[in-house]
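The values are calculated or read from the model by the stated rules, or taken from the named source; none is laboratory data. What you see is a predicted model; the values in this text were computed from it and never measured. Positions of Cβ are backbone-derived with ideal geometry, glycine not excepted, and every protein chain shown enters the neighbour counts. Protein only, heavy atoms only, side chains kept; ligands, DNA and RNA dropped before computing areas. Shrake-Rupley method; radii C 1.70, N 1.55, O 1.52, S 1.80 Å.
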Amino acid sequence: MLPSIPSLLAWILGTSLAAIGGAVTAKSANEFYQILQKPQWAPPGWLFGPAWTILYILMGTAAWRVWREAGFNGAKVELSFYAVQLVFNMAWSYFFFVRRTGLGAAIEVVSLWILIAITLVLFWRRDTIAGVLFVPYLTWVTFATALTVVVWRRNPTLL
């Protein structure tokens with residue numbers, strides 16, 4: 001195994017690839033977000049970058065803790081769910097910003113929420129701190145789920 005700090009950074013970087021993948025599919029995301037009718041409680045577009053940066057650091061750290069505790073072979077189920085939820089994390093941008101399908105984005109984000117909840121429980125059982133590190137992510141995606149549905153309903157011709 002790699003020494004602790006480099007391996008931690010590798011997990012954070014690997015997790016951040018989900019952000020890069022999402023950003024590539026959403027080139028005009030900020031412009032599109034600006035024209036949507038949003039509820040008053042919707043955050044400004046500039047807030048998403050810093051929020052997701054923090055979340056990716058927490059997620060990568062959680063996965064690293066699970067990996068460090070059990071390795072890939074010992075945590076196959078936990079790390080497999082982690083990988084699958086990362087794919088779903090990337091996919092939301094595609095459904096919302098590229099395909100512009102509110103229904104698809106809503107189904108996708110609910111699926112993502114379920115996968116995050118399962119991953120959180122699996123991580124928690126393996127390493128309590130790893131589970132706790134996943135709580136802000138689940139909280140944010142709970143908020144994002146509500147926002148996705150409300151924005152979709154307010155913009156039926158755009159989504």
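Once the Cα atoms are used to define both axes, helix 102-126 deviates from the longest principal axis of the chain by about 20 degrees. Restricting the stretch 10-76 to trypsin sites (Lys or Arg not before Pro) that sit in a DSSP loop and have at most 16 other Cβ atoms within 10 Å of their own Cβ leaves LYS27. For VAL66, the shell of other residues with beta-carbons less than 15 Å away shows a net charge of +2, using +1 for Lys and Arg and -1 for Asp and Glu. Over the chain, Cα pairs under 8 Å with separation of 6+ residues give a relative contact order of 30 percent.
With N counted as the residues of the stretch 104-144, its alpha-carbon radius of gyration over 2.2 N^0.38 Å works out to 1.18.
Could you give the angle, 0 to 90 degrees to the nearest 10, between helix 4-25's Cα long axis and the longest principal axis of the Cα atoms of the chain? With both axes taken from Cα atoms, the answer is about 20 degrees. The residues of the chain expose, per residue, 53 Å² of accessible area to a 1.4 Å probe. Protein heavy-atom surface of the chain, 1.4 angstrom probe: 69% of the accessible area is carbon and sulfur, with nucleic acids and ligands not counted. The figure for GLU78 is an accessible area of roughly 20 square angstrom, using a 1.4 Å probe on the protein chains alone. Of the three principal axes defined by the Cα atoms of the stretch 47-159, the extents in descending order read 49, 25, 18 Å.
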